[in-house]
1. Within segment 30-45, can one find any residue that is without any contact (Cβ under 8 Å) to a residue 12 or more places away in the chain and farther than 14 Å from Thr96 by Cβ?
2. Hey, can you tell me all the residues within segment 56-70 that are aliphatic (A, V, I, L, M) and open to solvent by 70 Å² or more (accessible area, probe 1.4 Å)?
3. Considering segment 45-55 alone, what residues qualify as being more than 22 Å from Glu110 (Cα to Cα) and either surrounded by fewer than 19 Cβ atoms within 10 Å (Cβ to Cβ) or of a type in the set (Val, Ile, Thr) (or both)?
4. When you go through Ser67, Ser27 one by one, which is the residue that is under 21 Å from Thr109 (Cβ atoms) and among the hydroxyl-bearing types (Ser, Thr, Tyr)?
5. Out of all the residues in segment 16-44, which are charged (D, E, K, R), open to solvent by 50 Å² or more (accessible area, probe 1.4 Å) and under 21 Å from Pro74 (Cα atoms)?
Amino acid sequence: MRHAHRKRTFGRVKKVRTGLIRSLARSLILEEGIVTTIAKAKELRPFVERLVTQAKKNSLASHRIASTRLGGSPEAVKKLHTELAPRYATRAGGYTRIIRMGQIGKQATESARIEFVQ
């Protein structure tokens, strides 16, 4: 039984799962909206929202934390601190939304679009 196990595993080992979330986060920050499965979107949301909250501090430490969590992507870190964090400076949270899209094509799982709110 999975008592007190909160994270989804996606049938992957930890290294691969971490890489998946980092990749999805980089894509979301650079594109400001991506289509993925509902489970991946729900797992990605708190990861990205913590990054945006950290980036609102705009310190050297926040740059380093973002760089580490995003796997060293300089363009994603720059966009996070120069565009996204100032946009949500007065907002207390809830920077992303998940929109269910249903099944797309012949996929077995339902898809969802996760995007930043305006």
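1. Taking segment 30-45 first, the residues without any contact (Cβ under 8 Å) to a residue 12 or more places away in the chain are 31.
Filter again for farther than 14 Å from Thr96 by Cβ, leaving none.
Checked against the condition, which is being without any contact (Cβ under 8 Å) to a residue 12 or more places away in the chain and farther than 14 Å from Thr96 by Cβ, segment 30-45 yields no hits at all.
2. Initially, segment 56-70 is screened for residues aliphatic (A, V, I, L, M), giving 60-61, 65-66, 70.
Passing the criteria: only Leu60.
3. Residues of segment 45-55 more than 22 Å from Glu110 (Cα to Cα): 49-55.
If the condition is that a residue be more than 22 Å from Glu110 (Cα to Cα) and either surrounded by fewer than 19 Cβ atoms within 10 Å (Cβ to Cβ) or of a type in the set (Val, Ile, Thr) (or both), then Glu49, Arg50, Val52, Thr53 are the ones that fit.
4. Values: Ser67 fails: under 21 Å from Thr109 (Cβ atoms).
That would be Ser27, the only listed residue that is under 21 Å from Thr109 (Cβ atoms) and among the hydroxyl-bearing types (Ser, Thr, Tyr).
5. Going through segment 16-44, the residues charged (D, E, K, R) turn out to be 17, 22, 26, 31-32, 40, 42-43.
From the residues that got through so far, the ones that are open to solvent by 50 Å² or more (accessible area, probe 1.4 Å) too are 17, 22, 26, 31, 42.
Within segment 16-44, Arg22, Arg26, Glu31 qualify.
Okay, residues lined up against (1) more than 21 Å from Thr36 (Cβ to Cβ); (2) open to solvent by 90 Å² or more (accessible area, probe 1.4 Å); (3) assigned to a helix (DSSP H, G or I):
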site	(1), (2), (3)
Lys78	yes, yes, yes
Ala85	yes, no, yes
Gly94	no, no, no
Ile104	no, no, no
Ala108	no, yes, no
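The values are calculated or read from the model by the stated rules, or taken from the named source; none is laboratory data. All figures in this text were calculated on a predicted structure; none of them were measured in a lab. Cβ sites come from the backbone with ideal geometry, for glycine too, and all protein chains shown count toward neighbours. The accessibility values were calculated without ligands, DNA or RNA, using every heavy atom of the protein model including side chains. Shrake-Rupley method; radii C 1.70, N 1.55, O 1.52, S 1.80 Å.
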